[in-house]
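Input: a single structure, listed below in structure tokens.
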Amino acid sequence: MILPVVAYGDPVLRKKAEPITKDYPNLDALIENMKETMHGALGVGLAAPQIGLPIRLFLVDTEPFAEDEVFTEEEQEQLKNFQRIFINAEILEEEGDEWAFNEGCLSIPDVREDVFRQPKVTIKYQDENFKTHTEVYDGIIARVVQHEYDHIEGILFTDKLSSLKKRLIKGKLANISKGKIQVDYRMRFPLMKKKR
Ligand SMILES: [Zn+2]
């Protein structure tokens, strides 16, 4: 089932999300629905707060990036095969000199900006079977993981922009919250006027 993606301005996107246990109700169905929602919107990641749940769960599937010719063949192969479910994730370390990458977000349609982040990340998480893993990622995969991880910390990529950039996109963000935007996937807008 495709779930509506929560738009910029909804308080759920600003909460520090809570850990979950194996007993979280209907977790398998939730993960399936989130996958379907992410793929339906052509996203490379989706975090639970983006579908209205303040829990520490996010998915990453970088396959849609694999066709992009800015990446080397080796990178494309990696991107094609990177699918993960991150539960109760914790970033242990970020390393290296910050680099810029043009980011977007399903909750902030039509806004794309260069964001600076460190290139290498060590993350500890549980998979869908609650098995614990510690993995190190770099490059574009690290980037997607960092973006999604920020969602469970209540942080959005627009928070990381310069104050000038923030001022420039302020109106656009306000319109997104009000639903004054064309999107081709289901969304829920916090400030949309209810139709009678
Ligand atoms: Zn996002």
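Between Gly154, Leu173, Gly139, whose Cα lies farthest towards the positive end of the dipole of the stretch 128-190 when Lys and Arg beta carbons carry +1 and Asp and Glu beta carbons carry -1, centred on the Cα centre?
Of the listed residues, the answer is Leu173.
Picking from His39, Phe65, Gln78, whose Cα lies most toward the positive end of the charge dipole for the chain (charges on Cβ: Lys, Arg +1; Asp, Glu -1)?
His39
Return the tail of the calculated pair distribution for the chain, meaning the percent of Cα-Cα pairs more than 25 Å apart.
That tail contains 34 percent of the Cα-Cα pairs.
So for each of 6-15, 142-151, 22-31 I average, over its residues, the number of other beta carbons within 10 Å; can you give me the resulting order with the highest mean first?
Working: 6-15: 18.6, 142-151: 23.0, 22-31: 11.7.
Peptide ranking by packing, descending: 142-151, 6-15, 22-31.
Given 0.36 nm per residue, what is the gain on full extension from Asn81 to Arg112 after removing their alpha carbon distance, in nm? Walk me through the intermediate numbers first.
On the way: separation 31, 0.36 × 31 = 11.16 nm, distance 2.48 nm.
So the extension gain works out to 8.7 nm.
Rounded to the nearest 0.05, what FRET efficiency do Glu32 and Val70 give with R0 = 22 Å and r taken as the Cβ-Cβ distance? Could you check?
Calculated value: 0.10.
Just the number, please: carbon plus sulfur as a percent of the accessible area of the stretch 48-192, 1.4 Å probe, no ligands or DNA/RNA counted.
Carbon with sulfur: 45 percent of the solvent-accessible area.
How much area per residue is accessible in the stretch 43-196 when the probe is 1.4 Å and only protein heavy atoms are counted (Å²)?
Details: 8350 Å² over 154 residues.
With all protein chains present, the stretch 43-196 gives 54 Å² per residue.
Among Lys15/Lys170; Lys35/Lys131; Lys15/Lys35; Lys120/Lys180; Lys22/Lys178, which pairs are too far apart, with a Cα-Cα distance over 27 Å?
Cα-Cα > 27 Å for Lys120/Lys180; Lys22/Lys178; rest within.
Taking the alpha-carbon distance from Lys172 and a cut-off under 20 Å, which aspartates and glutamates remain once sequence neighbours fewer than 8 residues away in the same chain are dropped?
In chain and number order, the partners are Asp10, Glu103, Asp110, Glu113, Asp114, Asp159, Asp184.
Test of understanding: in a Gaussian network model of the chain with alpha carbons linked when under 10 Å, which of Ile87, Ile152, Ile169 would top the mean-square fluctuation ranking?
Ile169
Where q = 0.14, 0.17 Å⁻¹, what log10 of I(q)/I(0) comes from the Debye formula for the stretch 1-88, counting one point per Cα?
-0.54, -0.75
Under 16 Å from a point placed 7 Å out from the Cα of Asp97 along the Cα-to-Cβ direction: which residues of the stretch 127-165 have their backbone N that close?
Under cut-off, by backbone N: 139.
Tell me the relative contact order for the chain as a rounded percent, counting alpha carbon contacts under 8 Å between residues six or more apart.
Details: 380 pairs, mean separation 52.5, N = 196.
Reported relative contact order: 27 percent.
Using only helices, what value at 222 nm comes out for the chain when you add -39,500 (n - 2.57) per DSSP H run of length 4 or more and divide by the total residues, to the nearest 500 deg cm²/dmol? Show your work: numbers first, answer last.
Numbers: 4 runs with 52 residues, N = 196.
So the calculated ellipticity at 222 nm is -8500 deg cm²/dmol.
For a quick protection proxy, order the peptides 68-79, 111-122, 181-192 by their average other-Cβ count within 10 Å, most packed first.
Values: 68-79: 13.0, 111-122: 16.9, 181-192: 14.7.
Averaged packing, sorted descending, gives the order 111-122, 181-192, 68-79.
The values are calculated or read from the model by the stated rules, or taken from the named source; none is laboratory data. Keep in mind it's a predicted model, so treat the numbers as computed, not measured. Cβ: placed from backbone, ideal geometry, glycine included. Neighbour counts: every protein chain shown. For the accessible areas, the whole protein counts, side chains as well, though only heavy atoms, and no ligand, DNA or RNA atoms are used. Shrake-Rupley method; radii C 1.70, N 1.55, O 1.52, S 1.80 Å.
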